[in-house]
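**Student:** I am attaching a structure below and will ask some questions about it afterwards.
All of the numbers you see were taken from the coordinates with simple rules; none came from a lab. What you see is a predicted model; the values in this text were computed from it and never measured. All Cβ positions, glycine included, derive from the backbone under ideal geometry; neighbour counts span all protein chains shown.
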Amino acid sequence: MRDLTALVIVPAALLVLIGCTESGSIEPGGGAASPTAVTVRGGVEVAGTGSTASTTGGEVELIGDPGSISGTILFDGTAPKLAPVVAQGTAKADPAVCAKNGNIPDESLVVSTGGGIANVFVYLSKAPKGFEFDKPAEQPFLDQKACIFQPHALLLWSGLDFELKNSDKVPHNVQTFPARNSGENNNLSPGSSMKTSFRNAEPAPFPSKCAIHPWMQYWTLVVDHPFAAVTDADGKFEIPNIPPGKYKFRVFHERGEMLERGVEVVVKPETETSVEWKYGASSFGL
Amino acid sequence: MNRSICIILFCAALPLVGCESGRAPSFQLSEQSQELSGFAKEKVQGELEAGFGTPSNLVVWSELDVDFGQYSGTVKKVGPRPGTLKIEGEGLAVASSLAGVRSLNDLKGAAVVVSSPSSVTESNDESSGEDGADASDARTSELADTSSGEGESESYRVASYDPASRLLSVVNENGVPAQLSVAKGDNVQILGPALQEGRNLYLRHCMHCHGVSGDGAGPTAQYFKVKPRDYRQGVVKFTSTKANVPRPSRDDLFRIVKLGVPGTYMPSFMLLPDEEVHAIVEYVRWLAMRGEMERKLNAWLSLDYSKEAVADMEEPAEEIESAFAEAWADEASDNITQFSEELQMDWQEADKEENVVVPPTERVPPSPESIERGRKLFQGNKAKCASCHGLTGKGNGPSTESFNDLPGQPGVKSDKAGLFDIWGNIVKPRNLTAGVFRGGRRPIDIYRRIHSGIKGTPMQAFGSTLNKEGEIWDVVNYVLSIPFENKQGGH
């Protein structure tokens, strides 16, 4: 019995003693009782040398008139045929409009009969320094027809308005998932349109989706310079009017992600530089 | 006898195990930051510590739209003991709306800035940083110790303040009484007490679910099906702000803390005094800004300097590291300034009155006609609420049956059907038959959910679609009537 008493009373007494702080009250938990100090930040003191070479953008020589780049991006081998995302007549939402007259194809990898990969973004991560350029007067617009976003790959400038249209007979919404901007999610009733814009350039293309028809998706790249392009249905792209110099381009495809983080392209004055890049199934996770 | 002694010693040891009162918490780098290669991660960590500090050493960065709390006073004379100052008149006075939350008796640790009233511009030249620094009250000058010269200025902290005798005791970083060269009439500013108090209240009341860094992954969060909010994207679901204003207002956060979020594990903190809730809200905003800064840094750096990227590159590691050092030296200052400007802009927008969703017309009374119009909009082709919420409002519309790509992993399908929110969770459309509305059950709350959507989720903004007069109110009336309907929708 004495042992049992010790077993109960001693820990109880110790618990009481330990639980009490000097003032006799219970301390708040979570570390709230630990002390805090405050420092004031003086300014953004990051040592800068202000060098003119931009590492991933490119070195611009600014000697001579601009050249241009024309390129083709090809699939190495036989491109796989992807199953449609929605087979005809099987749309779970709005089957009277979506996938009514045909399948909705899987646009995550679109390869032409000639092997050209469409919807590949080719761009400089940032504009080369020392070169001035004008913003375009108009931007491409996004549309929705037969429950498919058009275009599938959208190239936009930052700071400029662009239009979201819904040419379908059913409502859609456009929810964006950018990295350096704030995402938006707007409903668009049939036949309506609205304008919005992205404030900042994005480091890479990002997806946007419709929640009502969840197979709907498209990719957007936002840039703040003209040295960007998207391959067309034949896998071809062009970047006209680029100052002579050595550049490192990013090449992005939604399925392969960064196919190139910085592939070197040399531009000579008043010359068209031709490039051809090939990527096989392994680059696309297939 | 021996056995008794053993038992007593054993029992004595038991309560000592697990006693960790007063252990200091620390911020965690995000999952994305952890994926950066060492040299980049170090810089991100350094920048976050410079701009925000740690939970034990908070940084007042006046570029941010945060009320850190400020007391001010004028020096009457230097006190008897080293490092003490006597304050003129009534002593230290509240100089910002939240300062009063931390009592004057308990200012220990707050930052002390002493400035000569005539030489504010002079000291700004001495301190490093951006050019064009304005001498507005947003910027503080640090003229406390002239012997330190340009560059590093010493930081001073409050050791104690006695309101009765108006004696302020100042120490430097090491706790040694400060060598102050001040004159009568110099301004004294005490910065940071509101943030200190917000931090203490947050750690006590919020941290166990929301985490020290505000990542929604505190120790108790693992037991919840509906996860606590991760503030680090700066997005909160239930706001009164317009669809294109991404941040919540202070009022929104105040409401959420005070009223809780019915239907989730977020309780109501109605019993906390308003002042304390305001301080918590301010701290939460500060944590969100820290998370956003981290995201912005990662958006800039991770493409080229994540572990994966560095492994992919052909150049040797030293070359990449020196390329990074060059890029950082070249761009960091401008980028971080831009990031802080964006933070300032975004959070300020949210508090502007013009950005609160205010219905253009008064609420349409919930007559059977209005409810019928609302039902037609809910189920019809214009708004198509039924596509997610289901024809009867049960949250089982056709959109919930699809298997979608996992967020951030295009092409990889989730094994569970449903739509995702931006925090990576599958989120179900609200079952409106239950009558539980997480963001508030006032008609105006439901109006705002419909008008601006629920940020971060597939619930989109219908403000431009339902733009005819009274349309959104009709839908609100219908939604409020759903719990009282028969099983068949709309009757």
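**Student:** To make sure I understand the rule: partners must be aspartates and glutamates, Cα under 18 Å from the Cα of B:Lys184, and not fewer than 8 residues away in the same chain. Which ones qualify?
**Tutor:** Filter leaves B:Glu88, B:Glu90, B:Glu142, B:Asp145.
**Student:** I would also like to ask the following. Could you work out [θ]222 nm for the protein assembly as shown from helices alone, using -39500 (n - 2.57) per DSSP H run of at least four and dividing by all its residues? Round to the nearest 500 deg cm²/dmol.
**Tutor:** -8000 deg cm²/dmol
**Student:** Could you rank the peptides A:79-87, A:173-181 by their average count of other C-beta atoms within 10 Å per residue, with the highest value first?
**Tutor:** Answer by packing, highest mean first, reads A:173-181, A:79-87.
**Student:** Using alpha carbon centroids, what distance separates region A:112-127 and region B:413-450, in Å?
**Tutor:** One Cα centre to the other: 38 Å.
**Student:** Moving on. Averaging sequence separations of C-alpha pairs under 8 Å and six or more residues apart, then dividing by the length of chain B, give the relative contact order as a whole percent.
**Tutor:** Details: 809 pairs, mean separation 68.3, N = 491.
Relative contact order comes out at 14 percent.
**Student:** Now a separate question. Suppose the chain between B:Ser97 and B:Phe39 were pulled fully straight at 0.36 nm per residue; how much longer would it get relative to their current alpha carbon spacing?
**Tutor:** Taking B:Ser97 through B:Phe39 to full extension adds about 16.8 nm, to one decimal.
**Student:** Hey, another quick one. Excluding B:Val235 itself, what net charge comes from residues whose Cβ is under 10 Å from its Cβ, given Lys and Arg +1 and Asp and Glu -1?
**Tutor:** +2
**Student:** Any chance you could give the angle, 0 to 90 degrees and rounded to 10, that helix B:274-305 forms with the longest Cα principal axis of chain B?
**Tutor:** For B:274-305 against chain B, the angle is about 90 degrees.
**Student:** While we're on this one: Past 30 Å, Cα to Cα: identify those pairs from A:Lys92/B:Lys352; A:Lys92/B:Lys376; B:Lys352/B:Lys468; A:Lys278/B:Lys416, in the order given. It would help to have the intermediate numbers written out before the result.
**Tutor:** Numbers: A:Lys92/B:Lys352 42 Å; A:Lys92/B:Lys376 21 Å; B:Lys352/B:Lys468 25 Å; A:Lys278/B:Lys416 36 Å.
As for pairs spanning more than 30 Å Cα to Cα, those are A:Lys92/B:Lys352; A:Lys278/B:Lys416.
**Student:** Cα centroids of region B:453-470 and region B:179-244: how far apart, whole angstrom?
**Tutor:** 30
**Student:** To the nearest 10 degrees, how steeply does helix B:368-379 sit against the main Cα axis of chain B, on a 0 to 90 scale?
**Tutor:** Here the helix axis deviates by roughly 80 degrees.
**Student:** Antiparallel versus total DSSP beta bridges in the protein assembly as shown: what percent is that, nearest 5?
**Tutor:** In the protein assembly as shown, approximately 80 percent of DSSP beta bridges are antiparallel ones.
**Student:** Here's something else I'd like to know. Starting from the Cα of B:Thr337, step 7 Å along the direction of its Cβ; do the same at B:Ser4; then give the gap between the two resulting points in nm.
**Tutor:** 7.8
**Student:** Compute the length gained on full extension between B:Gln409 and B:Asp162: take 0.36 nm times their separation in residues and subtract their Cα-Cα distance, giving the result in nm to one decimal.
**Tutor:** In short, 83.1 nm is gained.
**Student:** What FRET efficiency, computed as 1/(1 + (r/R0)^6) with R0 = 60 Å and r the Cβ-Cβ distance, is obtained for A:Ala83 and B:Glu362, rounded to the nearest 0.05?
**Tutor:** According to the calculation, E is roughly 0.70.
**Student:** Also, I was wondering about something else. Can you give the angle from 0 to 90° between the axis of helix B:250-259 and the longest principal axis of chain B, with both taken from C-alpha atoms, to the nearest 10?
**Tutor:** Roughly 70 degrees, rounded to the nearest 10.
**Student:** Oh, and also: Using label points projected 7 Å from each Cα along Cα→Cβ, tell me how many nm separate B:Glu354 and A:Asn103, to one decimal.
**Tutor:** Those two pseudo-labels are separated by 5.2 nm.
**Student:** At a Förster distance of 22 Å, what's the computed FRET efficiency of A:Phe141 paired with A:Lys236, Cβ-Cβ distance as r, to 0.05?
**Tutor:** E(calc), rounded to 0.05, equals 0.50.
**Student:** How far, in nm, would the chain grow between B:Lys258 and B:Glu154 when pulled straight, counting 0.36 nm per residue and subtracting the alpha carbon separation?
**Tutor:** Additional length available on full extension: 33.5 nm.
**Student:** I've got another one for you. At a Cα cut-off below 20 Å, give the lysines reachable from A:Lys246, other chains included and same-chain residues fewer than 8 away excluded.
**Tutor:** A:Lys246 reaches A:Lys126, A:Lys129, A:Lys268.
**Student:** Hey, another quick one. In peptide B:374-381, what is the residue-averaged number of other protein chain Cβ atoms found within 10 Å of each Cβ?
**Tutor:** 1
**Student:** So which GluC sites (Glu not before Pro) in region A:236-272 pass both tests, a DSSP loop state and at most 13 other Cβ atoms within 10 Å of the Cβ?
**Tutor:** A:Glu270
**Student:** So, one more: Please compute the modelled spin-label separation between B:Met345 and A:Thr196, points set 7 Å along Cα→Cβ, answer in nm with one decimal.
**Tutor:** Calculated label separation equals 1.7 nm.
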